[in-house]
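Remarks on the structure that follows.
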Amino acid sequence: MNTEIPYKIYLSEEEMPKTWYNVRADMKNKPAPLLNPATRQPMTAAELAPVFCDELIQQELDDTTAYFEIPKEIRDFYKMYRPSPLVRAYCLEEKLKTPAKIYYKFEGNNTSGSHKLNSAIAQAYYAKKQGLKGVTTETGAGQWGTALSMACAYLGLDCKVYMVKCSYEQKPFRREVMRTYGANVTPSPSETTAVGRKILAEFPGTTGSLGCAISEAVEVATSSEGYRYVLGSVLNQVLLHQSVIGLEAKAALDKYGVKPDIIIGCAGGGSNLGGLISPFMGEKLRGEADYRFIAVEPASCPSFTRGKFAYDFCDTGMICPMSKMYTLGSGFIPAANHAGGLRYHGMSSTLSQLYHDGLMEATSVKQTEVFEAATEFARVEGILPAPESSHAIRVAIDEAIKCRETGEAKTILFGLTGTGYFDMKAYEQFNNGTMTDYIPTDEDLAKGFASIPQQ
Ligand SMILES: *Cc1c(COP(=O)(O)O)cnc(C)c1O
């Protein structure tokens, strides 16, 4: 066994995954099905067809097929920026004086700056294969919209992005990257859709939310010929595509005989975390190995740690299928001072079920602590992390410090989902000492819970 582990473990092109892994296939308790909000019956493929691409619907509804072949066209696209490096954080370990061995899988090495491109290219590919003209979507912080714009430009598809208005105004450069890749970007809520006009009439001056932008994007997709809607997180199909992260990480660790004790990821809608842990969770579900999995979420948007496990709407307009998930309610609006991403009210139904069954842990962290960890990490490892990713860094550092105290040399793997160059306003607040923490009170959360439909 080679004990000298390099700073970066790469895979060759031949070693890159040729299939995605569907963790649902190994789950005894499957995630609950999507429901039709009108009938409260499980959505059929035919009912989903006006919204999503056909092949993606098959992936969405398939709880039994463990492996899906990654089409060659997608594997070729992946080769432009994958395999992503698995880094041994020697410098961070030294700084923390910890006996822990820390690894991170870095997904920020592409223009979108995040892991979202892994699913964007897959979703755009199936849309193209179906002969569609284009796709619509929403974007919050902007990474998903950027990734989708890149994928659509590559395949020659039209791309309409509804961008949460406050991000549209705060992140003009993100918007321009999307436009450079040919996307049409509209601030949401807008006057271009019925649901947008309704929301604007009800809440004049609102700066929008992800749930609102989703409603607009779905309306445009279902009312325009040759268009479908695509989503960058939460859905089972997205977790499936993101399993490439975990499969690569596992292949790289296996080369050196390394087995992580703890696997950590930030959780917004759950796609990077789900993708990172999938192959490891598969081993745990099949009784072949054991791991601790930790989902990290912001204290200001605590879906897992303080949410309810219930059927809820995925969007503000209540036009999408209902999903059983840990949720704060589709009416939940995160605090305005929250800078660190991960603001979605709900969570992947697959991760929700795994968490509910005690197979995964979750914890929440405050944003000032997240930015402290981000800064510490940037100064020793060089990479300027996205605020979202820094939630995972925070908990990885905390676990490594515990190892220093107990003397245990645990192996920690975390997902470094992206870079933070477009988040310098938030870094500026942190550097100026003006960043604050907001933890919703039970009364604040009760307002969101009131929007969860009767079960
Ligand atoms: C979107 C995003 C996340 C959170 O989304 P998940 O679906 O929970 O993975 C995390 N980090 C970065 C950099 C992102 O762009």
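Each residue in region 326-355 was checked for being hydrophobic (A, V, I, L, M, F, W, C) and either in contact with a Lys or Arg (Cβ under 9 Å, 6 or more places away or on another chain) or away from the ligand (no atom under 16 Å from the Cβ) (or both), and 6 pass. For A362, the criteria (1) crowded, with 24+ Cβ neighbours inside 10 Å; (2) under 28 Å from K28 (Cβ atoms); (3) within 14 Å of the ligand (Cβ to nearest atom) hold in every case but one, which is (1).
Taken over region 74-127, the criterion of being under 24 Å from I262 (Cα atoms), acidic (D, E) and part of a helix (DSSP H, G or I) is satisfied by E93, E94.
Looking across region 38-62, the residues that are of a type outside the set (A, V, I, L, M, F, W, C) and either crowded, with 17+ Cβ neighbours inside 10 Å or under 22 Å from Q242 (Cα atoms) (or both) come down to D54, E55, Q58, Q59, E60, D62.
Kindly evaluate S233 against the criterion of being in contact (Cβ under 8 Å) with a residue 40 or more places away in the chain and part of a helix (DSSP H, G or I). Before the answer, list the steps.
Working: in contact (Cβ under 8 Å) with a residue 40 or more places away in the chain: yes; part of a helix (DSSP H, G or I): no.
Taking the combined requirement at face value, the residue does not satisfy it.
Of the residues making up region 281-311, those that are away from the ligand (no atom under 16 Å from the Cβ) and over 27 Å from F332 (Cβ atoms) number 11. The residues of region 68-81 that are loosely packed, with under 14 Cβ neighbours inside 10 Å and in contact (Cβ under 8 Å) with a residue 60 or more places away in the chain amount to a single one, K79. Of the residues A392, A374, A396, the single one that is of a type in the set (A, V, I, L, M) and more than 13 Å from G265 (Cα to Cα) is A374. Here T65 meets each of (1) polar (S, T, N, Q); (2) surrounded by 21 or more Cβ atoms within 10 Å (Cβ to Cβ); (3) over 24 Å from G140 (Cβ atoms) with one exception, condition (2). Can you tell me which residue among V185, V195 is more than 16 Å from the ligand (Cβ to nearest atom), farther than 27 Å from V23 by Cα and touching an Asp or Glu at 6+ places or on another chain (Cβ under 6 Å)? Every option except V195 fails the conditions. The residue pairs whose first member lies in region 195-207 and is closer than 19 Å to A336 by Cβ and surrounded by 15 or more Cβ atoms within 10 Å (Cβ to Cβ), whose second member is basic (K, R) and modelled with pLDDT of 90 or more, and whose beta carbons are closer than 6 Å, counting only pairs six or more residues apart or on different chains, are T207/K165.
Which residues, counting only those in region 142-163, are in contact with a Lys or Arg (Cβ under 7 Å, 6 or more places away or on another chain) and within 12 Å of the ligand (Cβ to nearest atom)?
Filtering region 142-163 down to residues in contact with a Lys or Arg (Cβ under 7 Å, 6 or more places away or on another chain) leaves 142-144, 146-147, 155, 157-158, 163.
Residues satisfying the conditions are G142, Q143, W144, T146, A147.
Can you give me the ranges of the helices (runs of 4 or more DSSP H) entirely in region 376-455 with at least 2 residues that are within 22 Å of the chain's Cα centre (by Cα) and more than 30 Å from T316 (Cα to Cα)? Write out each step before concluding.
On the way: elements: 387-406, 424-432, 442-449.
Those helices (runs of 4 or more DSSP H) span 387-406.
Taking region 128-138 as the range and being in a loop (DSSP other than H, G, I, E, B) and closer than 22 Å to C314 by Cβ as the test, only L132 passes. If the condition is being buried (at least 24 other Cβ atoms within 10 Å of the Cβ) and more than 7 Å from the ligand (Cβ to nearest atom), then region 260-275 contributes I263, I264, G265, G274, G275.
Restricting region 23-51 to residues that are in a helix (DSSP H, G or I) and not hydrophobic (A, V, I, L, M, F, W, C) leaves a set whose member that is nearest to K284 (Cα to Cα) is D26.
Summed over region 323-358, the residues that are modelled with pLDDT of 95 or more and on the phi < 0 side of the Ramachandran plot give a count of 17. Across region 395-454, the number of residues qualifying as within 16 Å of the ligand (Cβ to nearest atom) and without any contact (Cβ under 8 Å) to a residue 24 or more places away in the chain comes to 1. Looking only at residues of region 108-133 that are of a type outside the set (A, V, I, L, M), away from the ligand (no atom under 12 Å from the Cβ) and crowded, with 22+ Cβ neighbours inside 10 Å, we find that the one that is nearest to K250 (Cα to Cα) is Q123.
Within region 94-107, can you find the residues that are within 14 Å of the ligand (Cβ to nearest atom) and surrounded by 24 or more Cβ atoms within 10 Å (Cβ to Cβ)?
Of region 94-107, the ones within 14 Å of the ligand (Cβ to nearest atom) are 104-107.
Passing the criteria: Y104, K105, E107.
Where the second residue is part of a strand (DSSP E or B) and within 16 Å of the ligand (Cβ to nearest atom) and the first is over 18 Å from P385 (Cβ atoms) and lies in region 256-269, which pairs have Cβ atoms under 7 Å and are six or more apart or on separate chains? That search, which allows pairs on different chains as well, returns P260/L413; I262/I294.
The values are calculated or read from the model by the stated rules, or taken from the named source; none is laboratory data. Quick caveat, the model's predicted, so the values are computed rather than measured. Because the Cβ atoms are built from the backbone with ideal geometry, glycine has one as well, and the counts that use them run over all protein chains shown.
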